[in-house]
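Novice: Structure incoming, see below.
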Amino acid sequence: MTTPVVAPTAPSVELRGISKHFAATAALTDVSMDLRAGEIHGLVGENGAGKSTLVKILAGVHQPDSGTILLDGETTQIHGPAHSRSLGIAVVHQEPRLFPDLTVAENVFIGHAPSGRLGTIDWGGTRRAAEALFGELDVQVDVGAPVRGLSMADQQLIEIAKSLSLDARVLILDEPTASLSAHEVERLFTIVRRLRDRGVSVLFVSHRLDEVFDLCDRATVFRDGRHVVTTATSELTTAELVRHMVGRTVSLFPKVETPMGDILLEVRDLAKVGVFRDVGFSVRAGEIVGFAGLVGAGRTEVARVLFGIDQRDGGEIWLGGTQVNFANPSAAMHAGIAYLPEDRHQEGLVLGFSIAQNVTLPILPRLFPRLLIRSSAERKVADEHTERLNVRMTGVDQLVESLSGGNQQKVVLAKWLASGPRVLILDEPTRGIDIGAKVEVHRIISELAASGLGIILISSDLPEVLAMSDRILVLHEGRVTADIPRDRATQERVMFAATGSVAGDDHPTAGTQFTGDVTGGGLDG
Amino acid sequence: MERRSTGRLIALASVAVLAFAACSSGSTPSPSAATAAPTTAPAALTVGYLPKDIVNQYFAAAKTGVDKAAGELGGKVIQVGPNEAKADLQIPFITDLTTQKVSAIIISADGKDEVAPALKEAMKAGIKVVGFDSSPAVGAYDVFVNQVDFSGVGVNLADWACELAPSCTGEIAILSAAATATNQNAWIDLMKTTLATDKYKNLKLVDTVYGDDDATKSTTQAQALLTKYPNLKVIVAPTTVGILAAAQVVKQAGKSDSVKVTGLGFPHDMKPFVEDGTSPVYGLWNVPDLGYLSYQIADKLVKGEITGKEGETFTVKGLNGDKPYTIGKDSVVILGPAFRFDKTNLDVYF
Amino acid sequence: MSTAVAPANGQRRWTRLLARWETMLVVAVVGLVALGASLSPFFLTPGNFSNLVAALMEVAIMALPMTLIIVAAEIDLSVESMAGLASAILGFLWAAGVPLWTGIPVVLVVGALGGLMNGLLVARGGLPSLVVTLGTLALFRGLALIVLGPRGVSNFPPAFTELGFGHVPGTLVPWPFVIFLLLAIVLGIVLHRTWVGRQVFAIGKNPGTARFSGVRVTRVRIGLFVLSGLVASLAGVILTSRLSSARADAAQGMTLTVVTVVLLGGVNIFGGSGTIPGVVLAVLAVAVMQNALRLASVTVEVQSIALGLLLILSVVIPTFAHQAKSALDRVRRRRHPPADSIVHGEAALS
Amino acid sequence: MAESGVTATVGAARTRGQWLSMVARQRELSLVAIMVVLGGLVSISAPQFLTPSNLSQVASLASIIAVAAVGQAIVVITRNIDLSVEATMGLVAYCVAIVLERHALDAPAAITFGLGLGLVLGMINGVIVTLLRVPAIVATLGTLSIFRGVDYLVAGSHQVPLAGLPPGFTDPARDSILGIPIFVLVALVVVVIGSVVLRSTRFGRQVYAVGSNPEAAAVLGIPSRLVVFTAFSVCGLLSGVAGVLWVMQFGTINGTSATGVVLSVVAAVVVGGVAIFGGSGTLAGAALGALFLGFIANALILVGLSQFWLQAIYGVVILVAVSADALILRRIQRATAERRVR
């Protein structure tokens, strides 16, 4: 399976025929790969390819259903996180788990701080040890300062220092760059390379292919929980890698072609300091505009401004020919904009409420101008929209928390349809819901478009964006780097644009700027 | 880990309960607990005793007199009352006593106007109301038993201050109860008028502060006085809480020789300070007698022997040298003069 | 800590248990009435019931807006001081010759402004309401003392006193109780029957979703604090009238009772659930208990112990019922997992 | 290039947030500074203010609150609160006084008994919060009225007078060692020991961890409930100490002793810069907060400003303190946000 490779050293971690199932779903099927001392090994793949499951198995969170793990040639069972740590495996997560009020040094050594006489913590020692660690990483941090106020990137460095303090032989970086700026990424890489040179074997899980090429000695591709290929990055081109990753056709509901109406929403030179700028595009009635890009590229942030949650720092928003400026979501709602947020539980639903109560929450004032709620009327509205989306439920009085993820998402959709919007913004509408529900949601989306709504579809699931969108807007580091019409949209094109390296003929719309710098790229999950 | 800690918690908890029992056994049984539910129909005389608050030992002392009288006359006493001297807390007890159709209520009012409406209701319901210590508004009681001749106290306070200040000269200050307290204010006014007279011209009243009859506040205020007036000679505290606090502060500040304390206080509290010369002279009326007289009057009112009209007279054996009391203006009866405590009568104790 | 939002998945059972909680309260009230009747022959007299409620009305009235505030996962500790400030200002104005029909509106406006101050600091300033209202608890009381000082103002016209102490003509129903009932009905409808109330619940359960659903979270929060301040000042006016005297220390220490009553009414301290009927029942329960114990001459200390125990039990019982329930669920889920877990498992993949 | 890039970024990244968080961490200093300035201003109009006798009196009184505030701070750092402290103090104070008056125990034994009782009451809170899962604010609101009720029950209308205490028992309230009042020394010892424990022991760090990020604490396998229970127990113990000091300070003890103190204690904690939502704050800060409030009280009386202003000023101080905390926190976070993608 594994192709012969340059690196001479013996495998420090070897996986043989690992399989893992969650109930009916197969997460990993007969996966074999190896990780060598002193190499950086890239692990890439789409949503649901099984990367995280593999990481969790190594971290001791999950136990494989079958297959064996060898550490330095010895068959090993990883019983749990603690055990995994003690075996010298350290995982740095995308979002570090640190104590904001404690100092850097303490966060590094929490749990295993050097203790002086009387078993008290030897702060001098801790501090020196921490400084030494960061010294090795050649990073200057005030180890005496509390973590609160440090950037995500700095916090990751602390996590890495932590793993060093446990002198880990295996360092797993799980999408560490997802929320880092180019500069921070560069710094991270410098450090990871140093670790590699000190003989640590690094597993680098990422969606940003260029990073994989830039950093990794070898790369392994997963697809649908299966091992596709492991090869030296030097023997690969981005195009090949992508083909390995997305070499499948997803059975999505075919988009119905609908006649476009007039321009509903137009955005010019929209800007928010430190987040995005020069964003311009337009959405027509019946049109689905896809927003592709990496996490942190500014897609959600644009949506929040359009919905009046955040305030813009510059630019214009035109809705149906009149310029608008929303002080708050309710203003945006009244103007006919609806926003299905990314985080279903924190922003989409009130879990203690019934389906009906959730559906009517945004429109209560409109529904009951005389303050008093008539539950008959409330139910009627809820029934109407939930039936339209055929939510599977015992009745609208059922509590949403008892619904499956897919049906919960449909309730959120129903809630926004009930507000009778002209423009509907969908932020990751199918994240974390099962294929069946996914297909249904897609059907609903194109039906809505067909009924004359303008739709903005923010999604990190590239096949989805490609299948659903009439036009795809690609954001990269807060700027629109491409505006690709459906007929010319291919995964490669979008992906290149998302990395900032646009193929020549995709001209961004007026007001957007083309940026040549190639940092971060590839798909995002 | 969790399980073990849980076990430990339970263990500790049980220790807790035990040690706790230890405390309560080591201490007094609540006297108020002693007067448990005597709420059978009031054939015999049932009297509600309602002090300003049930934690102040002044009223505990007064109650001994009330109980004595009740014992002699074969009546029943229900003590009720708030644990804070606040009128809004006192009112419900009045209404409840009314509901219970007690024969009479003996009350020291937390606020003369606050309690008036409730007391009037009670009187409408045919209950006799005897005020003592601190008067309800005129018309909200049948008889008010004044513990002492007010003008007398005013003079006394001035005299004692004069006596304690070397050659009746120097700075004196007053530490009173609440700035709203009716009695204290009356006494202080009378004291001031007395000080105005020639005999006291060398006494300089530099300040009047209020300790709200709260040990803590009184202490703080007394300390402030000492700091603020380095050559203060006498602190006059016409309140049992205040005088005790003042005496303690002076003693603790080691100024027992330069600063003297006088006013109204309990022998029970003040004895040591008389002995060590911090407070050689102070006064008080006989508090148990005050309670005793109050009950006697309540009894007479209920039995119709008196009505509370001005000019009525009656005698109470063992009080006022068995001479008759006369009900004065606003149906006020005066217990008698305050008496003076000093080295000569250290044995008098209540 | 206190203002943290409770785990959402617990909410459903919370609400169900609350439904039971009210029934438990009803039982409690009935039980207490029976107890009272057995403890004292006077308990079931008509007059007693008006006394029984009258004693607690200021607390009861302030408990109503407090319910809404706690449902919205905030808290207002400053109500007692606002009531005191109201009383003080009213007295000050009256003493200054301002007629009541001007004074009372002024006082109510002050109350609303004080609430606005709390609201702005909490909703706009993003400060924890626990600390903010702790600050204004001291601040408002201080202002009250500055305005009126230690003196009490008490020469209010009888008509005004009637408002607090009198009864509805021909009945024994005290006016404050009427005000309480009206307010309870209005706020009950607002909280449980109007979309404003629905938004309050939404904010208490999940402020994020509420905001994303176009609920003007800041505005609602500010509104709630304004309401609380306004009603607190109204309570202050009623207290002043019931005591026929205005004092700066009026209503001191009432906040604890208010919060206790609200929690006793089954309102979740973490917000998101609670009912006005529950709180009304809690008011009755507490009023009956205190009255019964007073009539039985059970001393106040026992009452405060009983109150504390009730408060703790009011949380312990539902919590453990809830835990037992979820334990059962876990067992059931282990037997045959519902669709959710599969979905989440899949979600966990990427 | 990369290297310098590395060092540069981190350095640059921190500067702004750094001095702000430094200010945040220097609450103790700012309090001391304010007190010094205040002292100067007051002594202009009231020279007695800065006299040793006055200062030691103020400090002694404040030390009682300070000791209780230290206990409260520990509880607050774990994201809890203990409203029952004043009842604990009152009950301990009375029980100690009464056993002394009835010669049930001699002074040392009585003091030990008092501390033990405080510990036990703290444990009761701890059990209710950790085992019975009652939110701290509700639990301690309940125990506040329970403990106080028991206090009334035990005390009735009895008052233990100074004369009831063994001679010399109250001396520590005015005696001093090397010019430092004994109460102040007690407070200092408590603060020092407490700070060392919080700073340098496993438990101490767990206290902060539990308050700072409960989830992460759980991941690390920190026994949160045991930590919280211990915090409440310590708080009870220190309230017990405060209760004993109370007896020595005021001599006369009845059922109402220490009523209303909880406000000052919590205020001291807030003013001392302990975050009400846990995770941060120092015991020294809490103690200084108590001292600060004590100073203001005394200054007001001496300047002749009516004591009625005290409450209002307390309120303002609390509001200012909490606003300052929030402001600094927000600035730090903005400083971070502005370093995000651009």
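Novice: Can you say whether residue B:130 is among the hydrophobic types (A, V, I, L, M, F, W, C), crowded, with 20+ Cβ neighbours inside 10 Å and touching a residue at least 24 places away in the same chain (Cβ under 8 Å), as far as the supplied structure shows?
Specialist: In short, yes.
Novice: Of all residues in the stretch B:42-78, which are facing another protein chain (nearest Cβ under 10 Å), out of contact with any Asp or Glu (no Cβ under 9 Å at 6 or more places or on another chain) and not hydrophobic (A, V, I, L, M, F, W, C)?
Specialist: Across the stretch B:42-78, the qualifying residue is only B:63.
Novice: Could I ask something else about it? Of all residues in the stretch A:140-180 being polar (S, T, N, Q) and within 27 Å of the chain's Cα centre (by Cα), which is nearest to the other protein chains (Cβ to nearest Cβ)?
Specialist: A:151
Novice: Which of the residues belonging to the stretch B:59-78 are closer than 24 Å to residue D:160 by Cα and surrounded by fewer than 24 Cβ atoms within 10 Å (Cβ to Cβ)?
Specialist: Within the stretch B:59-78, B:60, B:61, B:64, B:65, B:67, B:68 meet the criteria.
Novice: I've got another one for you. Determine which single condition residue B:123 fails, assuming it passes every other condition in (1) over 21 Å from residue C:246 (Cβ atoms); (2) buried (at least 24 other Cβ atoms within 10 Å of the Cβ); (3) of a type outside the set (Asp, Glu).
Specialist: If we test residue B:123 against (1) over 21 Å from residue C:246 (Cβ atoms); (2) buried (at least 24 other Cβ atoms within 10 Å of the Cβ); (3) of a type outside the set (Asp, Glu), just (2) comes out false.
Novice: Just to be sure I understand the filter: pairs with C-beta atoms under 8 Å, separated by 6 or more residues or on different chains, first member in the stretch A:462-483 and on the phi > 0 side of the Ramachandran plot, second member among the hydroxyl-bearing types (Ser, Thr, Tyr). Which pairs pass?
Specialist: Taking only residues 6 or more apart or on different chains, the pairs are A:477/A:181; A:477/A:515; A:477/A:519.
Novice: Further question: Restricting to the stretch C:143-161, name every residue that is without any contact (Cβ under 8 Å) to a residue 40 or more places away in the chain and in a helix (DSSP H, G or I).
Specialist: C:146, C:158, C:159
Novice: Sort out which residues of the stretch B:300-350 are assigned to a helix (DSSP H, G or I), more than 22 Å from the chain's Cα centre (by Cα) and not hydrophobic (A, V, I, L, M, F, W, C), and write them in order of number.
Specialist: Hits for the stretch B:300-350 are B:300, B:321, B:322, B:329, B:343, B:344.
Novice: Among B:38, B:42, B:82, which is the only one that is modelled with pLDDT under 90, over 25 Å from residue B:300 (Cβ atoms), surrounded by fewer than 24 Cβ atoms within 10 Å (Cβ to Cβ) and outside the structural domain of residue B:181 (by TED's automatic domain parsing)?
Specialist: Testing whether each residue is modelled with pLDDT under 90, over 25 Å from residue B:300 (Cβ atoms), surrounded by fewer than 24 Cβ atoms within 10 Å (Cβ to Cβ) and outside the structural domain of residue B:181 (by TED's automatic domain parsing) leaves just B:82.
Novice: Exactly one condition in (1) within 9 Å of chain C (Cβ to nearest Cβ); (2) farther than 26 Å from residue A:94 by Cα; (3) not in a helix (DSSP H, G or I) is false for residue A:318; which is it?
Specialist: (1)
Novice: Which residue, of D:141, D:132, is without any contact (Cβ under 8 Å) to a residue 60 or more places away in the chain, at the interface with another protein chain (Cβ under 10 Å from one of its Cβ atoms) and either farther than 21 Å from residue D:90 by Cβ or aromatic (Phe, Trp, Tyr) (or both)?
Specialist: D:132
Novice: Going through the stretch C:21-59 one residue at a time, which ones are assigned to a helix (DSSP H, G or I) and not hydrophobic (A, V, I, L, M, F, W, C)?
Specialist: C:22, C:23, C:31, C:36, C:38, C:46, C:47, C:48, C:50, C:51, C:58
Novice: Here's another thing I want to ask about it. Determine which member of the set C:126, C:115, C:164, C:152 is within 14 Å of another protein chain (Cβ to nearest Cβ), within 30 Å of residue D:323 (Cβ to Cβ) and not basic (Lys, Arg).
Specialist: C:126
Novice: Can we say residue A:99 is more than 8 Å from chain D (Cβ to nearest Cβ) and of a type in the set (Phe, Trp, Tyr)?
Specialist: No; evaluated as a whole, the condition is false for this residue.
Novice: Exactly one of (1) of a type outside the set (Val, Ile, Thr); (2) away from chain D (no Cβ under 11 Å); (3) under 24 Å from residue D:153 (Cα atoms) is unmet by residue C:304. Its number?
Specialist: Result: residue C:304 passes all but (2).
Novice: On to the next question. Could you say which residue among A:433, A:455 is crowded, with 20+ Cβ neighbours inside 10 Å, modelled with pLDDT of 90 or more and either within 21 Å of the chain's Cα centre (by Cα) or not in a helix (DSSP H, G or I) (or both)?
Specialist: Exactly one residue qualifies, and that residue is A:455.
Novice: How do the pairs read when you match residues in the stretch A:69-88 that are in contact (Cβ under 8 Å) with a residue 24 or more places away in the chain with residues anywhere that are assigned to a loop (DSSP other than H, G, I, E, B) and among the basic types (Lys, Arg), using Cβ under 6 Å and keeping only pairs 6 or more apart or on different chains?
Specialist: A:88/A:169
Novice: Follow-up. Which residue is nearest to residue D:211 (Cα to Cα), if the candidates are limited to the stretch D:47-87 and must be among the aliphatic types (A, V, I, L, M) and assigned to a loop (DSSP other than H, G, I, E, B)?
Specialist: So, considering only residues that are among the aliphatic types (A, V, I, L, M) and assigned to a loop (DSSP other than H, G, I, E, B), the one nearest to residue D:211 (Cα to Cα) is D:81.
Novice: Now for a separate question. Looking at the stretch D:88-117 only, could you name the residues that are assigned to a helix (DSSP H, G or I), more than 10 Å from every other protein chain (Cβ to nearest Cβ) and not aliphatic (A, V, I, L, M)?
Specialist: D:88, D:90, D:108, D:112
Novice: Filter the stretch D:277-312 down to residues that are in contact (Cβ under 8 Å) with a residue 24 or more places away in the chain and either in contact with a strand residue (DSSP E or B) (Cβ under 6 Å, 6 or more places away or on another chain) or of a type in the set (Phe, Trp, Tyr) (or both), then give me how many there are.
Specialist: 3
Novice: Among the residues of the stretch A:403-423, are any within 24 Å of residue A:492 (Cα to Cα), in contact (Cβ under 8 Å) with a residue 60 or more places away in the chain and crowded, with 20+ Cβ neighbours inside 10 Å?
Specialist: no
Novice: How many of the residues making up the stretch B:240-265 are in a loop (DSSP other than H, G, I, E, B) and surrounded by fewer than 24 Cβ atoms within 10 Å (Cβ to Cβ)?
Specialist: Of the residues in that region, 6 qualify.
Novice: Residues that are surrounded by fewer than 21 Cβ atoms within 10 Å (Cβ to Cβ) and at pLDDT 90 or above: which strands (runs of 3 or more DSSP E) entirely in the stretch A:1-70 hold 2 or more of them?
Specialist: Filter on the stretch A:1-70 gives A:11-22, A:25-36.
Novice: Still on this structure: For residues in the stretch A:181-199 being among the hydrophobic types (A, V, I, L, M, F, W, C) and either within 13 Å of another protein chain (Cβ to nearest Cβ) or touching a Gly at 6+ places or on another chain (Cβ under 7 Å) (or both), which is surrounded by the fewest Cβ atoms within 10 Å (Cβ to Cβ)?
Specialist: A:182
Novice: Would you confirm whether or not the stretch C:168-184 contains a residue that is outside any helix (DSSP H, G or I), in contact (Cβ under 8 Å) with a residue 12 or more places away in the chain, within 14 Å of chain D (Cβ to nearest Cβ) and over 17 Å from the mean Cα position of the chain (by Cα)?
Specialist: Scanning the stretch C:168-184, I find no residue that is outside any helix (DSSP H, G or I), in contact (Cβ under 8 Å) with a residue 12 or more places away in the chain, within 14 Å of chain D (Cβ to nearest Cβ) and over 17 Å from the mean Cα position of the chain (by Cα), so the answer is no.
Novice: A further question on this structure: List the pairs whose first member sits in the stretch B:86-103 and is more than 8 Å from every other protein chain (Cβ to nearest Cβ), whose second member is modelled with pLDDT of 85 or more and part of a helix (DSSP H, G or I), and whose Cβ atoms are under 8 Å apart, counting only residues at least 6 apart or on separate chains?
Specialist: B:94/B:118; B:94/B:119; B:94/B:121; B:94/B:122; B:97/B:122; B:103/B:298; B:103/B:302
The values are calculated or read from the model by the stated rules, or taken from the named source; none is laboratory data. Nothing here was measured: the structure is a model prediction, and the numbers come from that model. Don't worry about glycine lacking a Cβ; one is built from the backbone with ideal geometry, like all the others, and counts go over all protein chains shown.
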